[in-house]
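I have placed the structure first, in the form of structure tokens, so that the comments after it can refer back to it.
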Amino acid sequence: DILDERTIFSNESLTFKEYDVQYDNQFERKKQYLEFSNHSVTIIAVTSDDRFLLIRQERFGLDGFVWEFPAGAIEEGETPEEAAFRELLEETGTKGKISSLGMFNAFAGVCNLKSYVFVATDLTHNLAWQKLEDYEEIIVDFKTKEEIFQLINDGKIADSYLLSSLMMYLSKFE
């Protein structure tokens, strides 16, 4: 049972709350939780010769560039599928046929954020279509499954969205 609830911080994107919770065994505990306004999409774009589109972009909190699948927030009034098409185009200059793969909870123990995963096929790629924000620097690359596995084994890919989405993809298509 929730005994008390406090908002620690809130803006247009998220609310950080703290709860006083009592469990069935009468144990009481404080729990912190992030509530995001918008959920996200992750896109696994696969070429006709089975290469995966990856991006490298700077992640402030990690102090460097990170390998990821294209991803982003679902904007107000947008369906997850529309967001997937938009994010793929904006981040990579790539269009394709979008199909749903599923959904995962990004950090189930600490927030409500869900990521809807899509597969993009029949790709058309043109960097002139890329529409980055002023602060974004995104490098687009295509890797084979074996190259991705090597990057994971070398500790060069550790992004939870990429790892979760790739596992969903492999469990369905391998």
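Of all stretches in the chain that contain no chymotrypsin sites (Phe, Trp or Tyr not before Pro) in a DSSP loop with at most 14 other Cβ atoms within 10 Å, the longest one is 28-106.
Rounded to the nearest 20, the Cβ-based charge dipole of region 1-55 about its Cα centre (Lys and Arg +1, Asp and Glu -1) stands at 180 debye.
In a DSSP loop and with at most 15 other Cβ atoms within 10 Å, the trypsin sites (Lys or Arg not before Pro) in region 87-151 are K131. Taken about its Cα centre, the chain carries a charge dipole of roughly 420 debye when the Cβ of each Lys and Arg holds +1 and the Cβ of each Asp and Glu holds -1. Taking only the C-alpha atoms of region 1-154, the Rg (one decimal) and the largest Cα-Cα distance, Dmax (whole number), read 18.7, 60 Å. Within the accessible surface of region 20-154, defined with a 1.4 Å probe on protein heavy atoms only, the carbon and sulfur portion equals 48 percent.
With protein chains left intact and a 1.4 Å probe, residues in the chain average 59 Å² of accessible area per residue.
Show that you can apply the helix-only estimate: for the chain, add -39,500 (n - 2.57) for every DSSP H stretch of four or more residues, divide by all residues, and state [θ] at 222 nm to the nearest 500.
Per the formula, -6500 deg cm²/dmol.
Computing FRET efficiency as 1/(1 + (r/R0)^6) for D122 and S171, where r is the C-beta to C-beta distance and R0 is 30 Å, gives about 0.85. Cβ-Cβ distance of I139 and E5, R₀ of 35 Å, FRET efficiency by 1/(1 + (r/R0)^6): the value works out to about 0.25. With a/c under 1.5 counting as rounded, go ahead and sort region 19-65 into rounded, prolate or oblate using the C-alpha gyration tensor (a ≥ b ≥ c being the square roots of the eigenvalues; past the cut-off, prolate if a/b is larger than b/c, else oblate). Prolate shape, in that a/c is at least 1.5 and a/b is the bigger ratio. Taking θ as phi - 60° and the Karplus parameters 6.51, -1.76 and 1.60, the scalar couplings of region 12-17 work out to 5, 9, 7, 10, 9, 10 Hz in sequence order, x denoting glycine and proline.
The values are calculated or read from the model by the stated rules, or taken from the named source; none is laboratory data. This one's a predicted model, so the numbers in the text were calculated from it and none came from an experiment. Don't worry about glycine lacking a Cβ; one is built from the backbone with ideal geometry, like all the others, and counts go over all protein chains shown. Calculation scope for accessible area: heavy atoms of the full protein, side chains included, ligands and nucleic acids excluded. Shrake-Rupley method; radii C 1.70, N 1.55, O 1.52, S 1.80 Å.
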